[in-house]
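These notes are about the structure you will find just below.
The values are calculated or read from the model by the stated rules, or taken from the named source; none is laboratory data. Keep in mind that this is a model prediction, so the values were computed, not measured. As a convention, Cβ positions derive from the backbone with ideal geometry for all residues, glycine included, and neighbour counts pool all protein chains shown. Accessible surface areas use protein heavy atoms only, side chains included; no ligands, DNA or RNA. Shrake-Rupley method; radii C 1.70, N 1.55, O 1.52, S 1.80 Å.
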Amino acid sequence: MARYSASGSQNLPASSTPITALTIAAQSTAHQNRVYDINIANVGAPADLVTLHTIQRITAVGTAGSAVTPSKLDLADRASQSAVGENHSAEPTYTSATELLEIPLNHRATFRWVAAPGGELVTPATNNSGIGAKAFHASANTEWRVGCMWEE
């Protein structure tokens, strides 16, 4: 299996509606992705506040403000077959009740999740299916960044 990495940012407005920073989804060639490493950090002004970050399955990618080109971790591998987007202007379609991770994170902290062997987050082998990383805070405006590593 080939391995890739990508990261994305999103400005998080004060709202009770979650905002997506990064999506990774199968496009044109249906395949599974196995996410094994996730990094989350606030890159805005630090404050003693907590934002709820959620990693959840998606069935449609929404509209990304910017496409992200995944980086190959092994230069001998083929280009990624996943569509990756950041700074979404229209939210992806999240599958209800499929929260894979929920992380309440202080704005001054950085979070890293690494899968135990066999514990990767696996997406369905269906076009437009994948994962999205979203966050919300009801009263803070800040910018946050998420990075993922996966196999396909």
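Could you please report the charge total around residue 87, scoring K, R as +1 and D, E as -1 over all other residues with beta-carbon less than 14 angstrom from its beta-carbon? Don't skip to the answer; put the middle values down first.
Values: positive: 134, 145; negative: 86, 91, 143.
Summing Lys and Arg as +1 and Asp and Glu as -1 gives -1.
Among 128, 42, 141, which one moves the most in a GNM of the chain with springs linking Cα atoms closer than 10 Å?
141
Under a crude label model (7 Å from the Cα following the beta-carbon direction), how far is residue 16 from residue 47 in nanometres?
1.8
Quick one: compute the contact order of the chain, relative version, from alpha carbon pairs under 8 angstrom and 6+ residues apart, as a percent.
51 percent.
I'd like to know which of 66, 5, 17 lies farthest towards the positive end of the charge dipole of segment 1-110, counting +1 on Cβ of Lys and Arg and -1 on Cβ of Asp and Glu.
Result: 5.
Can you give me the solvent accessible area of residue 102 with a 1.4 Å probe, rounded to the nearest 10 Å²?
Its accessible surface works out to 110 Å², give or take rounding.
Tell me which residues come under 5 Å, amide H to amide H, from residue 27 once H is placed; ignore anything under 5 positions away on its chain.
83, 128
Could you give the accessible area per residue of segment 6-152, probe 1.4 Å, as a whole number in Å²? Working shown, then result.
Values: 6750 Å² over 147 residues.
Value for segment 6-152: 46 Å² per residue.
Work out the length of the dipole vector of the chain about its Cα centre, built from +1 on the beta-carbon of each Lys and Arg and -1 on the beta-carbon of each Asp and Glu, and round it to the nearest 20 debye.
Dipole magnitude for the chain comes out near 80 debye.
Comparing 124, 46, 18, which has the greatest mean-square fluctuation in the GNM of the chain with Cα pairs linked when under 10 Å apart?
Looking only at 124, 46, 18, the biggest GNM fluctuation is shown by 46.
Taking a probe of 1.4 angstrom, what is the accessible area of residue 50 in Å², to the nearest 10?
Rounded to the nearest 10, that gives 80 Å².
Is segment 52-115 best put as rounded, prolate or oblate by its Cα gyration tensor, with a ≥ b ≥ c the root eigenvalues, rounded for a/c under 1.5, and otherwise prolate when a/b is larger than b/c, oblate when not?
Details: a/c = 1.72, a/b = 1.25, b/c = 1.38.
Oblate, because a/c is 1.5 or more while a/b does not exceed b/c.
In nm, to one decimal, how far is the residue 59 label point from the residue 126 one, both placed 7 Å along Cα→Cβ?
Computed distance between label sites residue 59 and residue 126 equals 0.6 nm.
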